[in-house]
1. Using a Förster distance of 56 Å, how high is the FRET efficiency between D137 and L374, based on the Cβ-Cβ distance and rounded to 0.05?
2. What are the residues whose amide H is under 5 Å from the amide H of F29, where those residues sit 5 or more places off or on another chain and H is modelled from the backbone?
3. Using unit Cβ charges (K, R positive; D, E negative) and no other charged atoms, how large, in debye to the nearest 20, is the dipole of segment 3-142 about its Cα centre?
4. In nm, what is the difference between 0.36 nm times the number of residues separating Q274 and N310 and their Cα-Cα distance?
5. Amide H to amide H under 5 Å from T113: which residues, 5+ apart in sequence or cross-chain, H placed 1.01 Å off N in plane?
6. Could you give the length gained on full extension between D259 and Q155, defined as 0.36 nm per residue of separation minus the Cα-Cα distance, in nm?
7. So what's the net charge close to G313: Lys and Arg +1, Asp and Glu -1, counting the other residues with Cβ under 12 Å from its Cβ?
8. Do the alpha carbons of any pairs in K71/K109; K81/K110; K179/K336 sit beyond 20 Å of each other, and which pairs?
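The values are calculated or read from the model by the stated rules, or taken from the named source; none is laboratory data. What you see is a predicted model; the values in this text were computed from it and never measured. Positions of Cβ are generated from backbone atoms using ideal geometry, with glycine treated the same way; all protein chains shown enter the neighbour counts. We work out accessible area using only protein heavy atoms, side chains counted, and drop any ligands, DNA or RNA first. Shrake-Rupley method; radii C 1.70, N 1.55, O 1.52, S 1.80 Å.
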Amino acid sequence: MKKRIAVLGSTGSIGRQTLDVVSAFPDLFDVFALATKGYLDIFEKQSKKFSPSVVSIADKEFDPKKFSRSKILSGPDSLIKIAQNPAVDMLVMSIVGTAGLPATIAAIKKGKTIAIASKEILVAAGDIVMPLARKHDAPLLPLDSEHSAIFQCLQGSAGNKIKRLILTASGGPFRRFSKKQLGKVTAKQALAHPTWNMGPKITIDCATLMNKGLEVIEAHHLFNVPYEKIDVVVHPQSIIHSMVEFEDGSVLAQMGVPDMRTAIQYALFYPKRQARDFGILDFAKIGTLNFEKPDTDRFPCLKLAYEAGNTGGTMPAVLSAANDSAVEMFLKDKIKFTDIPRIVRSTMKEHKLIKKPSLDQILESEKWARAEALAE
Ligand code: MG
């Protein structure tokens with residue numbers, strides 16, 4: 001029997017790479033639904049290729065004739081309808097930001113398996129999402145390479161306590177830049193990531209180390225590990241995708257060529273490992289793996305993320321949303337690279353914390369932070 005999947009956010013970087021993995025195994029997967037916001041030319045090609053039963057398009061400009069073979073959903077509840085559909089075996093959640101949060105919760109309540117790439121969902125609402133997933137026995141499989149690595153290192157370790165999670169960071173393209181140089185970098189420079197090929201928002205987040213900060217919060221929720229037991233190490237080659245240290249001092253690392261599709265394929269086939277050639281690691285050729293401490297003086301976003309995580313409540317949502325706005329302004333050349341952490345910090349400072357927020361309060365805080373950061 002084919003696994004029937006729904007890919008929400010299919011035109012983004014993770015969505016496209018998910019469909020690339022799926023297309024390599026046409027006998028094993030059936031694409032039941034695809035959802036996008038914009039990028040209609042890519043979406044049209046995807047729809048033609050995979051003939052999904054349902055498409056969701058959050059863009060009023062589309063031509064329904066081009067999607068006549070699928071049932072078209074376009075209202076605000078369309079993602080939830082797909083997430084709840086009994087025909088869906090696995091939901092791939094790869095929408096940037098928290099737009100997929102209600103659909104994620106709907107899928108959890110149906111006990112569905114969710115492969116999750118949208119780290120903002122766990123950052124903003126991990127305290128709500130994770131207990132709910134445990135209650136409904138809904139597996140959350142990480143698509144983020146670091147979290148996939150940790151998840152893989154934890155296989156077969158049931159009952160053994162984690163001493164420390166070690167997330168690796170590439171360090172981004174400005175790893176060696178001075179503070180003065182960082183003040184002058186352009187969006188174009190920042191978009192040239194040394195090892196991973198990703199969308200523009202996350203590429204900037206890698207350059208500021210905010211991506212790693214969001215991943216620390218994501219790891220805290222996914223693996224139920226306190227922040228003081230989560231470390232970050234800069235590892236420019238991106239060969240080790242992350243590590244787990246156990247109580248006996250043993251450290252397990254997951255390694256591989258830096259290709260997101262390996263993490264995606266692991267989740268799609270979990271718990272099985274499916275043969276596929278993504279290239280091999282030639283250790284003799286690589287020669288050396290380097291590690292260094294992240295410099296939070298030059299890259300304060302990482303420290304801000306730990307602060308937000310430790311504060312908890314609505315603060316991680318505020319961190320993430322303020323960062324969204326700041327990155328948006330940086331990409332439009334409206335602010336400097338070094339303004340990003342400054343704006344995030346001042347938005348966090350202005351925020352009136354809610355310790356145990358409801359979902360609505362989280363979304364309200366996000367909205368507030370977005371506007372507050374833009375008004376800087
Ligand atoms: Mg990552």
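1. Details: r = 40 Å, r/R0 = 0.72.
Efficiency, rounded to the nearest 0.05: 0.90.
2. K3
3. Numbers: 19 positive and 13 negative charges, 55 e Å.
Here segment 3-142 has a charge dipole of around 260 debye.
4. On the way: separation 36, 0.36 × 36 = 12.96 nm, distance 3.82 nm.
Length gained between Q274 and N310: 9.1 nm.
5. It is L91, by chain and number.
6. Numbers: separation 104, 0.36 × 104 = 37.44 nm, distance 2.09 nm.
Between D259 and Q155, full extension yields an extra 35.3 nm.
7. On the way: positive: K352, K355, K356; negative: D127.
Local charge sum for G313: +2.
8. Numbers: K71/K109 24 Å; K81/K110 12 Å; K179/K336 12 Å.
Among K71/K109; K81/K110; K179/K336, the Cα-Cα distance tops 20 Å for K71/K109.
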